[in-house]
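Report on the structure given below.
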Amino acid sequence: MIKSELKSLEQQKSGNRRSLYLEQMREKSLSVTVDEVEKLFEQSYDLIRDLYKKAMPLTVKDTDNGIKILEEIAKNNNNSNDPLFKGYVEQGFSFFDKEVPDWIKTPNNFRKSKKVELAKKLYEALNSTRTYYSEFAELCSLFFDININNKGLKSLQYYFTKKTRWASIQTYLSQEKIDTFSFLFLMSIDCCNFITIPIYYSLLDNSFSLVRTDGSFIVTELKLSRNFSINNLLMNKLNDEKLDSKEEIKKMISTALRKKYLHLSKNRVNFSGAVEGRFPTLLLNKSDIENGLRFLSLDEIKETLQKLPNSDKDFWIEIINEMIKN
């Protein structure tokens, strides 16, 4: 009877603590300020330099605020208005007797054209051994804005009959030294993650940090990257002179914390996700921890403890000792 009462009391306390922390997260997501974000990135030169793993832009000083440094990194790697593989794109469109349209002359125009996903599908179809001509012709028609009677498309239909069934159409075209779609290959390899900065939020002191502290977990990651020749959202925002970078980053952090709150208010904390720092360990109750540890080996338990914030370790060790006794 006493054990069941104690268990009920523990569950009640855990539930109350969970509710308080969730409400704290909700309120914080609505009250993040630009000043708070600016302070978050103070004296972050060394951290950003280590994460960037490239030579820092010459325009950056080690006393600069981290947001200013990210702006310079984004500017230094910006390709938005550069010619987009000019000769190769011309070669591709001339195959279909087409002039190169404005929408693919620069990466920025290409992004706005809403044909990026179509280009990816066409590239995948080119390199798949399971692509039928009808599917490929439709993709070409949509991407190059041509009709099914286009001479270039008819040539491709002939090439489909010549290739072996276990070869992709791209393999056959390469063997025949036909470079129509070389620009798509160049786009596919024009991918780079320049830097990823995790943003942590601590339930213990209700604040953000750029490194993991006690009671903290990753709210979001600020990434500067390029995929298929297109800069990601943050790259574009930091390169847009009409936007306030601090305000944009504040919005991203605020929105991310709000999403975490909504997820956690409807779902239990994932054990492995909490250990890895993606969710707050403070929202794991005793039974969650016991169930998560139960099937781990001794080495895995040791590894798990090493990943935990210091504020959690004593509590987890107590649980482990109880499990050993029982």
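The values are calculated or read from the model by the stated rules, or taken from the named source; none is laboratory data. Fair warning: this is a prediction, and the values are worked out from it, not measured in the lab. Note that each Cβ is placed from the backbone with ideal geometry, even for glycine, and that neighbours are counted across all protein chains shown.
Quick notes on this one:
- Taken over region 195-212, the criterion of being surrounded by fewer than 17 Cβ atoms within 10 Å (Cβ to Cβ) and either among the β-branched types (Val, Ile, Thr) or under 20 Å from Arg26 (Cα atoms) (or both) is satisfied by Thr196, Leu204, Asp205, Asn206, Ser207, Ser209, Val211.
- Of everything listed in (1) more than 30 Å from Tyr261 (Cβ to Cβ); (2) modelled with pLDDT of 95 or more; (3) out of contact with any helix residue (DSSP H, G or I) (no Cβ under 9 Å at 6 or more places or on another chain), the single unmet condition for Met56 is (3).
- When residues of region 11-68 are limited to those that are among the acidic types (Asp, Glu) and either in contact (Cβ under 8 Å) with a residue 60 or more places away in the chain or assigned to a loop (DSSP other than H, G, I, E, B) (or both), the one surrounded by the fewest Cβ atoms within 10 Å (Cβ to Cβ): Asp62
- Of the criteria (1) closer than 18 Å to Ser207 by Cα; (2) assigned to a helix (DSSP H, G or I); (3) of a type outside the set (Val, Ile, Thr), which one Phe279 fails: (2)
- The set of residues from region 198-255 being small (Gly, Ala, Ser) and farther than 24 Å from Asp82 by Cα comprises Ser202, Ser207, Ser209, Gly215, Ser216, Ser254.
- If you go through region 271-298 and pick out every residue that is within 18 Å of Ser311 (Cα to Cα), out of contact with any strand residue (DSSP E or B) (no Cβ under 9 Å at 6 or more places or on another chain) and basic (Lys, Arg), you end up with 1.
- Region 226-274: number of residues that are within 15 Å of the chain's Cα centre (by Cα), within 30 Å of Phe185 (Cβ to Cβ) and of a type in the set (A, V, I, L, M, F, W, C): 5
- Residue that is farthest from Lys237 (Cα to Cα), among those in region 99-129 that are in contact with a Lys or Arg (Cβ under 9 Å, 6 or more places away or on another chain) and not in a helix (DSSP H, G or I): Thr129
- In region 219-237, the residues that are within 23 Å of Lys259 (Cα to Cα) and aliphatic (A, V, I, L, M): Val219, Leu222, Leu224, Leu233, Leu234, Met235
- Qualifying position, being modelled with pLDDT of 95 or more, surrounded by 15 or more Cβ atoms within 10 Å (Cβ to Cβ) and over 32 Å from the mean Cα position of the chain (by Cα), among Phe110, Phe96, Phe183, Phe136: Phe96
Residue-wise test of (1) modelled with pLDDT of 95 or more; (2) touching a Pro at 6+ places or on another chain (Cβ under 8 Å).
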| residue | (1), (2) |
| --- | --- |
| Asp205 | no, no |
| Ile218 | yes, yes |
| Leu234 | yes, no |
| Asn239 | yes, no |
| Lys246 | yes, no |
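- Residue within region 237-245 that is part of a helix (DSSP H, G or I) and out of contact with any strand residue (DSSP E or B) (no Cβ under 9 Å at 6 or more places or on another chain) present: yes
- Yes/no for Ile218 being of a type in the set (A, V, I, L, M, F, W, C), closer than 23 Å to Ile197 by Cβ and surrounded by fewer than 19 Cβ atoms within 10 Å (Cβ to Cβ): yes
- Counted residues, region 301-314 - those being part of a helix (DSSP H, G or I), surrounded by 15 or more Cβ atoms within 10 Å (Cβ to Cβ) and at pLDDT below 90: 2
- Filtered residues of region 64-101 (kept if under 20 Å from Ser188 (Cβ atoms) and β-branched (Val, Ile, Thr)): Val89, Val100
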